[in-house]
Amino acid sequence: MSVNPVNKSPQASGSPLSSGRFEHGLGRQAARSLLVRPRNCVGCKTCEVACSFAHSIAGRPGRSRIRVHPAGASRYMQITCLQCANAACAKVCPTQALQRSARTSAIEVDALRCVGCGLCETACPFGHMHFDPGVCQPIKCDLCGGQPACAMFCPHQALELR
């Protein structure tokens, strides 16, 4: 057993911060968290578009940090970083380019420290860390600095900031 650094509660070693509830890293340090509700997802991918525009560079949409996958007949699952309390991606990084933000509790990528080795992508046990070969850097959910665009634009409340 280990202790969740956000809310000091016990948790199984290596388990995600979400504890199976799909609540993402804003936890108790900030007043709000990202709640993922797969039952409400209709597969419209508005969250992907919102994320892409939130991470645009020089007017060009960036790569989305959230992905929507089919999960059966008329069912979908939103896949994004779980902001794990015991983040394997951060542990394996040889340059400590992945650090938890004190403000949002999200694991964020420091592009200046990252050497593009890809170990973080390999280490993520959930497959939620992605590598952008165009810039040789990992891309992952950073919770948009505490205001996740995916949640703000989801028309079916499948993602909610609360």
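Before moving on, here are some points about what is shown:
- Qualifying position, being touching a Ser or Thr at 6+ places or on another chain (Cβ under 7 Å) and at pLDDT 95 or above, among Cys114, Cys44: Cys114
- Taken together, the criteria exclude Ala106 from residues that are at pLDDT 95 or above, among the aliphatic types (A, V, I, L, M) and at negative phi.
- Residues in the stretch 107-129 that are more than 14 Å from Arg65 (Cβ to Cβ) and in contact with a Cys (Cβ under 6 Å, 6 or more places away or on another chain) were compared, and the one that is surrounded by the fewest Cβ atoms within 10 Å (Cβ to Cβ) is Gly116.
- Taken over the stretch 72-100, the criterion of being more than 15 Å from His130 (Cα to Cα), surrounded by 23 or more Cβ atoms within 10 Å (Cβ to Cβ) and without any contact (Cβ under 8 Å) to a residue 24 or more places away in the chain is satisfied by no residue.
The values are calculated or read from the model by the stated rules, or taken from the named source; none is laboratory data. No experiment lies behind these values; they were computed from the predicted model shown. So basically every Cβ, Gly included, is an ideal-geometry build from the backbone, and we count neighbours across all protein chains shown.
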